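In what follows, a structure is listed as structure tokens, so that the remarks can point back to it.
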Amino acid sequence: MAVPRCAMAFLLVMALCGVSMATVYKVGDAAGWTIIGDVDYNKWAANKTFQVGDIITFEYNAQFHNVLQVKHAKFRSCNTTAPVATYTSGNDSITIKRAGHFYYICGFPGHCQGGQKVDTPSDSSPSPSPSSSATAPAPSDKNSAPSLHSSMGILAGKLGLSVVALAFCIAVSAMALAKSAVVFFLIMALCGVSMAAVYKVGDSVGWTTEGPVDYKKWASSKTFRVGDILIFEYNPEYHNVKQVKHPDFHSCNATYPVATYTSGNDSITIKRHGHYFFLCSFSNHCQEGMKIDIRVPKITPSPSLPSPSSSPSASPYPYDGPSPYPAMAPAPESSAPSLHSSLGGLSLVALAFCIAGVGF
């Protein structure tokens, strides 16, 4: 009876490893979000089937473009006033959270009229929960199939993992208990356990001027790492989030922000070490303490780990490529610091499976 029991273990390992069918769509495929080239965004969207849980990514040069979510009437007339949400990071990831039409345009003069607008209708059949990992770079091929950020590659990898896990379980049934521990660590490695944390700024209070929130004290109690995700939750009618430079942070000057977020539930992935300065530009909110410095210390990698690749040097000339600023990631459901994969639960269950395989 070893094989049937291991088959059950294999299915549970599949679930624990987080196999996801949610699709990531890069708007415009290889061309991205631009007015250069012959990109027909209506045609691009027409051959896609968007579902609740899927992720729409906009990649563009933030010096020349932005993304405004608007209502239907303003979409048709290219009216950029009073948008539903504004994105300006240059690499925006937006999760489809409900069925219906989502209308996006570029707010720069003449761009919407030039065709830089897209309607992404979604049906009511939700995809299984999408992965909360940060968005990966888009591939360079021009295939319009919805793989893009390796969503199908991830699925194929996880399916391959399931076959290996099943083979391991069958082999473990003939092994001693000591050898099963080795299988446990292999399953851990194959599942790609991530230690990146998700932090909701202000914890349960969120991003606000109401309540006794000391954001400086909140940040000083955290140890942020590259790959972690910051979540700002707030009422967009009264607040926003602006990433600014150090001098502007001290003076509460929001005139020239590095990036602006206005969705009310913004997720920002930390992509490099250093300081990230954020403030609210409404009224005197920054002066009242609605500002935060996220310090990410530089960690020297161990000799056994590959060195992170260096960033390409910035060009002194304007170009219509992706912006180098941090991207907005899909908002996770959890509001407390958590792991992208449940290390403890996965470890215990995987070890239990290996021990069970020996007994049967």
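See the values below:
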{"quantity": "For THR23, net neighbour charge (Lys/Arg +1, Asp/Glu -1) across residues whose Cβ lies under 11 Å away", "calculated": "+1"}
{"quantity": "Aspartates and glutamates with Cα under 14 Å of LYS48, excluding same-chain neighbours fewer than 8 positions away", "calculated": "ASP29, ASP40, ASP119, ASP123"}
{"quantity": "Gain upon complete extension [LYS222, ASN79; 0.36 nm per residue less C-alpha separation]", "calculated": "47.3 nm"}
{"quantity": "Extension gain, HIS72 back to PHE282 (0.36 nm per residue minus Cα-Cα distance, nm)", "calculated": "72.9 nm"}
{"quantity": "Gyration tensor over alpha-carbon atoms, the stretch 198-296, equivalent ellipsoid semi-axes in Å", "calculated": "18, 15, 13"}
{"quantity": "Over the stretch 24-130, equivalent-ellipsoid semi-axes from the Cα gyration tensor in Å", "calculated": "21, 15, 13"}
{"quantity": "Among the listed pairs LYS43/LYS74; LYS245/LYS271; LYS74/LYS200; LYS222/LYS245, those beyond 25 Å (Cα-Cα)", "calculated": "LYS74/LYS200"}
{"quantity": "Under 13 Å, Cβ to Cβ, from PHE249 - net charge with Lys/Arg +1 and Asp/Glu -1", "calculated": "+3"}
{"quantity": "Computed lengthening from ASP203 to ARG272, 0.36 nm per intervening residue step minus Cα-Cα distance", "calculated": "22.5 nm"}
{"quantity": "Of THR80, ILE55, ILE96, farthest towards positive along the dipole that unit charges on Lys, Arg, Asp, Glu beta carbons give the stretch 24-130", "calculated": "THR80"}
{"quantity": "For GLY107, net neighbour charge (Lys/Arg +1, Asp/Glu -1) across residues whose Cβ lies under 12 Å away", "calculated": "+2"}
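Every number in this text was worked out from the coordinates using simple rules, so none of it is lab data. Just so you know, these numbers come straight off a predicted model, no measurement behind them. So basically every Cβ, Gly included, is an ideal-geometry build from the backbone, and we count neighbours across all protein chains shown.
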